[in-house]
Structure formats: structure tokens, C-alpha cells
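Report on the structure given below.
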Amino acid sequence: MSTKELAYSRENIEAEMQLTTQAHRHGHMNAPIETRTDQPGSVQRMVRRIESWLKHKLHRCAEDGCWAKGRDCYLPDNEDGKPDEWLCGEHSHGAGYCRSCGQFNAGIESFDFRRNGLCDNCDYQIRADMGEFDEPSEDDFDYDPYA
């Protein structure tokens, strides 16, 4: 093989390696293959896109500027079982999701105006666990403070 052929094949190999690397990055990160820095705002858009992808992979809150651990949030028509969003407890109620179970409940009056951010089911379950709905037992009446 001559030096001219060797140089040509080396250039081809380097070009193929570069394309493979770009395709690999594009496939895993959904990042654009080429970054056009001559367009205004293109780098910022790419950074926001990567940040959004990273937040989703790390299960962090989807709100801008919030990196708190998020909980899985589901819309009513979710059939595949994968979360639609990840939101922290602070932002989940504002987006219409229950802070406890993550189900979408916006538009239900009891949910929208409840301060604790829980849906009816979760609120009832917590109140029941705390004994709010328990009937008094016979032992409650047998207490004698002077005995």
C-alpha cells in the first residue's frame, strides 16, 4: 500500500469514527448532531434540551431552576405505566397532581381548594390512618382518673 493510499484510508477511518461518535451521542442524548453556534440562542436551546433530558433521567423536578427529587406524576389517559412528568412536592399541586400518589386531579373542586395538595383518596387514607374515623371502643369509657 502506498503512502497516498494509506493517508486516504486513514482519513476515511477518522471521518467514519467522527460520524459514529456523533450518531452515538445523538442516539443516547437526543442532542443535535451539529451545533450551529452562528444562530442566536442555539447553544441555550441545546443546554435547555440536555438539562430537560438529564432531569427526566435523574427523576428531578421538571420545573425550571428546581433540582429537587421529583415523584412520578401520571395523567388520566396513561396506559403504559411510565410517568408523564417528574415534579417535586412543591410544584406538583400547582401542576394539578396529588403530592402523595401523583395522579392528575386538577379541576376537581375538593382537590383544587385543599391546602395540603392531596387528592380525596390520599386525604381520606391519611385521616383514616390517624384514627379520625374510628368509633370509640368500650375501653375509652372505662377510664377512671381517680383509680
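Report yes if Gly117 is modelled with pLDDT under 90 and surrounded by 14 or more Cβ atoms within 10 Å (Cβ to Cβ), otherwise no. So Gly117 fits the description; yes.
Taking region 58-80 on its own, how many of its residues are of a type outside the set (S, T, N, Q), in a loop (DSSP other than H, G, I, E, B) and either surrounded by 14 or more Cβ atoms within 10 Å (Cβ to Cβ) or modelled with pLDDT of 85 or more (or both)? Explain how you work it out, then say what you get.
Our first condition is that a residue be of a type outside the set (S, T, N, Q); within region 58-80, this holds for 58-77, 79-80.
Next, only the ones that are in a loop (DSSP other than H, G, I, E, B) stay: 58-59, 61-68, 70, 75-77, 79-80.
After this cut, where a residue has to be either surrounded by 14 or more Cβ atoms within 10 Å (Cβ to Cβ) or modelled with pLDDT of 85 or more (or both) as well, the list is 61-63, 66, 68, 70, 75-77, 79-80.
Residues that pass the stated criteria total 11.
Number of residues in region 89-102 that are surrounded by fewer than 18 Cβ atoms within 10 Å (Cβ to Cβ) and more than 14 Å from Glu63 (Cα to Cα) equals 1.
Residues of region 91-119 being within 24 Å of Arg49 (Cβ to Cβ) and acidic (Asp, Glu), which ones?
none
Looking at region 81-97, which of its residues are among the small types (Gly, Ala, Ser), outside any loop (DSSP other than H, G, I, E, B) and more than 20 Å from Phe113 (Cα to Cα)? Break it down into steps so the answer makes sense when it comes.
Of the residues in region 81-97, the ones among the small types (Gly, Ala, Ser) are 81, 89, 92, 94-96.
Applying the additional criterion that residues be outside any loop (DSSP other than H, G, I, E, B) yields 89, 92, 94-95.
Those that are among the small types (Gly, Ala, Ser), outside any loop (DSSP other than H, G, I, E, B) and more than 20 Å from Phe113 (Cα to Cα): none in region 81-97.
The values are calculated or read from the model by the stated rules, or taken from the named source; none is laboratory data. Model, not experiment: these values are computed from the prediction. When we count neighbours, we look across all protein chains shown, and the Cβ atoms used for this are built from the backbone with ideal geometry, even at glycine.
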